[in-house]
1. Tell me which residues, restricted to the stretch 195-204, are within 18 Å of Tyr109 (Cα to Cα) and surrounded by fewer than 21 Cβ atoms within 10 Å (Cβ to Cβ).
2. Please enumerate the residues belonging to the stretch 14-73 that are open to solvent by less than 60 Å² (accessible area, probe 1.4 Å), in a helix (DSSP H, G or I) and over 27 Å from Val186 (Cβ atoms).
3. Counting residues that are of a type outside the set (S, T, N, Q) and free of Cβ contacts under 8 Å to residues at least 60 places away in the same chain, which helices (runs of 4 or more DSSP H) fully inside the stretch 114-227 reach at least 2?
4. I need the full set of residues from the stretch 249-271 which are surrounded by fewer than 15 Cβ atoms within 10 Å (Cβ to Cβ) and at pLDDT below 95, in order please.
5. Which residue pairs have Cβ atoms under 6 Å apart, sit 6 or more places apart or on different chains, and have a first residue in the stretch 256-281 that is over 18 Å from Ser205 (Cα atoms) and a second that is part of a strand (DSSP E or B) and charged (D, E, K, R)?
6. Looking only at residues in the stretch 206-248 that are among the acidic types (Asp, Glu) and within 22 Å of Leu178 (Cβ to Cβ), which one is modelled with the lowest pLDDT?
7. Taking the stated definitions as given, is Tyr190 under 12 Å from the mean Cα position of the chain (by Cα) and buried (at least 20 other Cβ atoms within 10 Å of the Cβ)?
8. Mind telling me which of the residues Glu22, Glu11 ends up being among the acidic types (Asp, Glu) and in contact with a Leu (Cβ under 8 Å, 6 or more places away or on another chain)?
Amino acid sequence: MTITAAQDVDEAVAVAARALREVADRDWTGAAAGLEWSCYDTAVHVADDFIGYATQLTGRATDSYAPFEISAGPGATPAGLVRVIEATGGLLSAAVRTTPDDVRAWHPYGMAGPGGFAAMGVVEALLHTYDILGALGVPGWRPPGHLPARVLDALFPHVPRTDDPWRTLLWATGRAELDDRPRPAVWRWYADPVAAGRLVLCEVSPHVAADLHGGGTGGFAWADGGPPEGTRFAAGMVTEAGEAGTYRPGWGTYAIVRASDRRAVGAIGFHAAPDADGRAEIGYDLVEGARGHGYATEAVRALTDWALARPGVTVLRATVDHGNTPSHGVVTRAGFTKAAEDGDNTVYELRRT
């Protein structure tokens, strides 16, 4: 896998460099299309990401980026920046080739292996080349279709596919319209979603949660007119935690995405991070048309397995209204047992074995 992933990096860098070299005689001081950065700074950003991704792999980083950044040398021309992109892209390719497949390193969008960081590098090369070219009078640039197709498979499990992977990637990153779907106001990729049988669970970070809570899509294609109200409420909790500085990655809300059509059908997550005794509470919500298919049970099992594998977590709780018969069945099938009666609710628990 790492050889193919490294080859994708090499090809993306070569395609980007060839296109950017054609416009190296133009003024790169203006803003890149759709960005606040200048074309010049966008090119430096690409090189900085290549180096950052490479050193996450070589340094086996587990909690943050290494504290450094690169900059262009004094007087560097656009042609010089293209050389920098080629050189740093080669370093990322080399790191991907020499890193074992089972290595995982930190990224704010999820832990990733060499294939994941390779796909991120391809995204940076292709999208920012498109941004720069669009600002310099070369609209409609397209890379070879197999590159965005593989990127979508690696990082965008939540994006429904079309017969035009490049246009789909542009839509998924807020750069273009696609069919009848509104352009997402926010977006992110998912390097490490939680696999859940017929589903994947994509963690909703605070900036995505703010869009969901405010009435947006969060960058997801929703089934049955979703997201449901409970999902928007849960997104509000993530937003508040982010604003208060108490948000802990992994312990918020996840969109439940149906793998068969890559549409979001609801949300699942935690009310807060585990307390001092290692206790956390889980909740979930599905659009009406997705109920009765076993999706909630699969999602609860997968996320509870994920949570109980984390150090220090001792018990998970779920609170269910007495009259909510389907939810009683969901948590019971997922391994929870009754622990207490609390007014109109039953409290269930699942303990670490």
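The values are calculated or read from the model by the stated rules, or taken from the named source; none is laboratory data. The structure presented is a predicted model; accordingly, all values stated were derived computationally and were not measured. Glycine also receives a Cβ, built like all others from the backbone with ideal geometry; neighbour counts cover every protein chain displayed. Surface accessibility is based on the protein's heavy atoms, side chains included, excluding ligands, DNA and RNA. Shrake-Rupley method; radii C 1.70, N 1.55, O 1.52, S 1.80 Å.
1. Here is the first cut: in the stretch 195-204, the residues within 18 Å of Tyr109 (Cα to Cα) are 195, 200-204.
If the condition is that a residue be within 18 Å of Tyr109 (Cα to Cα) and surrounded by fewer than 21 Cβ atoms within 10 Å (Cβ to Cβ), then Ala195 is the only one that fits.
2. Ala14, Val15, Ala17, Ala19, Leu20, Ala54, Thr55, Leu57
3. Of the helices (runs of 4 or more DSSP H) lying wholly inside the stretch 114-227, those with at least 2 residues that are of a type outside the set (S, T, N, Q) and free of Cβ contacts under 8 Å to residues at least 60 places away in the same chain span 146-155, 165-172, 206-213.
4. Within the stretch 249-271, Pro249 is the sole residue that qualifies.
5. Listed pairs, sorted by first residue: Glu281/Arg317.
6. Out of the qualifying residues, it is Asp224.
7. So Tyr190 fits the description; yes.
8. Being among the acidic types (Asp, Glu) and in contact with a Leu (Cβ under 8 Å, 6 or more places away or on another chain) holds for just one of Glu22, Glu11, which is Glu11.
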